[in-house]
1. All but one of (1) within 27 Å of residue 188 (Cβ to Cβ); (2) in a loop (DSSP other than H, G, I, E, B); (3) within 18 Å of the chain's Cα centre (by Cα) hold for residue 239; which doesn't?
2. Considering 52, 21, which residue is open to solvent by 10 Å² or more (accessible area, probe 1.4 Å) and not hydrophobic (A, V, I, L, M, F, W, C)?
3. Report, by residue number, each residue of the range 18-42 that is of a type in the set (A, V, I, L, M) and touching a Phe, Trp or Tyr at 6+ places or on another chain (Cβ under 8 Å).
4. Tally time: how many residues in the range 122-169 are free of Cβ contacts under 8 Å to residues at least 40 places away in the same chain and assigned to a loop (DSSP other than H, G, I, E, B)?
5. Would you confirm, using the coordinates I've provided, whether residue 215 is among the small types (Gly, Ala, Ser), touching a residue at least 24 places away in the same chain (Cβ under 8 Å) and crowded, with 17+ Cβ neighbours inside 10 Å?
6. Just a yes or no: is a residue in the range 272-282 more than 29 Å from residue 147 (Cα to Cα) and either part of a helix (DSSP H, G or I) or among the small types (Gly, Ala, Ser) (or both)?
7. Using the structure shown, decide if residue 112 is modelled with pLDDT of 95 or more, in a loop (DSSP other than H, G, I, E, B) and more than 16 Å from the ligand (Cβ to nearest atom).
8. Which members of the range 231-265 meet the condition of being surrounded by 22 or more Cβ atoms within 10 Å (Cβ to Cβ) and within 14 Å of the ligand (Cβ to nearest atom)?
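The values are calculated or read from the model by the stated rules, or taken from the named source; none is laboratory data. Keep in mind that this is a model prediction, so the values were computed, not measured. Cβ: placed from backbone, ideal geometry, glycine included. Neighbour counts: every protein chain shown. Side chains are part of the model used for accessible areas, which takes the heavy atoms of the whole protein and leaves out ligands, DNA and RNA. Shrake-Rupley method; radii C 1.70, N 1.55, O 1.52, S 1.80 Å.
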Amino acid sequence: MPTGLVYDPAYLEHRTGRHPENAERLRRILEALERDTKLWESLVKISPRPAEDQDITRCHSSRLIDHLHSLCESGESFVDTDTVICPESYGISRLAAGAAVAAVDAVMTGQVDNAFALVRPPGHHATPDTAMGFCLFNNAAIGARYAQARYGVERVAIIDWDVHHGNGTQDIFYSDPSVFYFSTHQYPYYPGTGSLDERGKGKGEGFNLNIPLSAGTQARLHREVFIQGLKIIEEKSPPDLIIISAGFDSGRGDPLGGLMLDDSDFSEMTGQVLDLADKHSVRAVSILEGGYNLSALGETVRNHIQALSHGA
Ligand SMILES: [Zn+2]
């Protein structure tokens, strides 16, 4: 079965000026995908709808929804010093969360084997109450809880290889054993969370796995700890659905990160996630998070999608 590509041109209208998280990122990715005619034609194109309130409030407070709505309506340019918005950003962030929902629908109904959501703004820093770190709503988290609510999926694994720790995703599921959050990230680094001893709490203890890496960690070591993390997920909580928080700012040369992964490393890691999915006969969804090296990003993401599609 094919791989799905969830995308809407509205993502280009989240205008952030000269900010590193800008529309050019998606343009470069689309160019690279379209150049690869064979891959492009093989992808099932899926149009998302905006996430509903009930999808968002499974992860975020109504207060955050209202806050973002009013900031955008009043023409504010910043949520915080890092996070730029324009008047359209509120609707577009709902459409980005909706891409996670659409990707989950596409894999759970069997329309596609797996799916990549090509979205912005990204999501993994958004906590229940706070939009931060370029993120407004937590797309991956919303997808996970939607899969549970809509399809009765019991255990979801969110695998986050962005260079930054996904503090928002960790927060949302910290006491929840039904969603295993696994992150490899540069540490210490923005946003400051992500130490090894943050393991979840209450019933969620042991279902949050951080593997912090120092800047400059060799790709070989990085891949080894990634495999160890996948093994821990498998032992502790074999997933019924896997969501990749696919941040490519952990790639070598990214202006916002100091990790050393190459395209081939991402392909290998993608394959390992798909192997885990296959072994348990479950589906995988991948959602774009960071990645700011414009000269490399298109090809890097094309490689990732190719790896998804070869696994299909
Ligand atoms: Zn990042």
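1. Only one criterion is unmet by residue 239, namely (1).
2. Result of the check over 52, 21: 52.
3. Result: 23, 26, 30, 33.
4. Within the range 122-169, the subset free of Cβ contacts under 8 Å to residues at least 40 places away in the same chain is 148, 152.
If we keep only those that are assigned to a loop (DSSP other than H, G, I, E, B) as well, we get 152.
Summing the residues that are free of Cβ contacts under 8 Å to residues at least 40 places away in the same chain and assigned to a loop (DSSP other than H, G, I, E, B) in the range 122-169 gives 1.
5. no
6. no
7. yes
8. Answer for the range 231-265, where residues must be surrounded by 22 or more Cβ atoms within 10 Å (Cβ to Cβ) and within 14 Å of the ligand (Cβ to nearest atom): 244, 245, 246, 247, 248, 249, 250, 251, 254, 257, 259, 261.
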